[in-house]
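Please treat every number below as a calculation from the coordinates, not as lab data. Owing to the predicted nature of the structure, the values given are computational and were not obtained by experimental measurement. Cβ sites come from the backbone with ideal geometry, for glycine too, and all protein chains shown count toward neighbours.
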């Protein structure tokens, strides 16, 4: 029996040393109470160890190395937390991710529109990759394994020089009180290097789309300047970007168009959620894995026209084209 000195002490897992001792004594045919006394534990501890960590229960096949591996695995698995325990959040994530929303968009939308709920994009990613892998194909990149966050953040941290972060953006832009502030993003496909550059005016929700041969900073910069040069200067005061390297020529864009550029915080693309939503609408016409190199410019203009002539509830069921036209008259 374990002596009285062990009573009242905190519980400790068996060490590798004690498992070695159990293996030796057990192979010699010792009774469990005698083994327990020899290693100063309760007999139930020895009984439980032999039942849980033997290759075959109640057999002579107790191997300490195998038992340690099983115990370590059980301990590791016990620390894993289920993500998104709230079933309502899980249902919302499943619904929105299938509608081509990003985890950042979903988290921001839930936190803004469901006061009794809270989540973040990292928890959504962990939930998808660990518990609901059938949703992976709906992610923008569709990677079968998620890249390590710190590696990715380190690569992006200092690649774009002289950024002005969104925290320094004037409040008039945040409140959408003028028709001159734009958001930019790109739509990519695994099937081709070609991609789409998308611009969206924040207040009127007017959209501009242009196809480029590849997502380089030079191509993106030229496309944005070309798309915006026909917009009256008083209606182009700022553009908000994410931290993709295709936006590295933001200073050149700002100089040629005489406007200010701002950047979302890293991994906070929901901070320009309007253009992210537009990309979801574009995906209805050009689903994921579409080869953009095969899409004509005329069809791109058709999509742009459809989106700009689509009534929006947030605009009082007017179209972005109507709203933007009225502000320019």
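Treating the angle as unsigned and between 0 and 90°, give the value, to the nearest 10°, between the Cα long axis of helix 87-97 and the longest Cα principal axis of the chain. Long axis of 87-97 versus the principal axis of the chain: about 40 degrees.
Averaged over residues, the count of other Cβ atoms within 10 Å places the peptides 292-305, 84-97, 196-209 in the sequence 196-209, 84-97, 292-305, highest first. Gain on full extension, evaluated as 0.36 nm per residue between residue 305 and residue 325 minus their Cα-Cα distance, stands at 5.8 nm.
Ranked by how many other Cβ atoms sit within 10 Å of their own Cβ, fewest first, the residues 33, 179 fall in the order 33, 179. Across the chain, the relative contact order, built from alpha-carbon pairs under 8 Å that are at least six residues apart, equals 13 percent. Contact order for segment 93-223, expressed relative to its length and based on alpha carbon pairs under 8 Å spaced 6+ residues apart, stands at 13 percent.
Reported value for segment 229-284: 105 Å³ per residue, from the convex hull of its C-alpha atoms.
Tell me the label-point distance for the pair residue 116, residue 251, using the 7 Å Cα-to-Cβ offset, in nm and rounded to one decimal. A separation of 5.2 nm, rounded to one decimal place.
In terms of the mean number of neighbouring beta-carbon atoms within 10 Å, the peptides 245-253, 212-220 order highest first as 245-253, 212-220.
Shape summary of segment 87-146, radius of gyration then Dmax from alpha carbon positions: 10.7, 33 Å. Placing one equal scatterer on every Cα of segment 12-78 and applying the Debye formula, the log10 ratio I(q)/I(0) at q = 0.11, 0.17, 0.29 Å⁻¹ is -0.21, -0.52, -1.51.
Sorted ascending by nearby beta carbons within 10 Å, beginning with the fewest, 72, 100, 242 become 72, 100, 242. Mean residue ellipticity, 222 nm, helices only, the chain: the sum of -39500 (n - 2.57) across DSSP H runs of n ≥ 4, divided by residue count and rounded to 500, is -13000 deg cm²/dmol. Calculated from the alpha-carbon coordinates, segment 85-227 shows an Rg and a Dmax of 17.5, 48 Å respectively. Please compute the contact order of segment 200-275 in relative form: average sequence separation of alpha-carbon pairs under 8 Å and at least six residues apart, divided by the residue count, as a percent. Normalised by residue count, the contact order of segment 200-275 is 31 percent. With the largest listed first and rounded to whole Å, the semi-axes of the equivalent ellipsoid of segment 162-328 from the Cα gyration tensor are 22, 20, 15.
Value of Rg to Rh for segment 243-329, rounded to two decimals, is 1.00; Kirkwood radius and Rg both from alpha-carbon coordinates.
Neighbour counting of Cβ atoms within 10 Å sorts the residues 327, 142, fewest neighbours leading, into 142, 327. Between residue 297 and residue 172, how high is the FRET efficiency from 1/(1 + (r/R0)^6) when r is the Cβ-Cβ distance and R₀ = 51 Å? Nearest 0.05. Computed FRET efficiency for residue 297 and residue 172 comes out at 0.90.
Taking 144, 189, 132 as the candidate residues, the one with maximal mean-square fluctuation in a Gaussian network model of the chain, Cα springs under 10 Å, is 144. As an equivalent ellipsoid, the chain spans semi-axes of 60, 20, 19 angstrom, where each value is the square root of five times an eigenvalue of the C-alpha gyration tensor, largest first.
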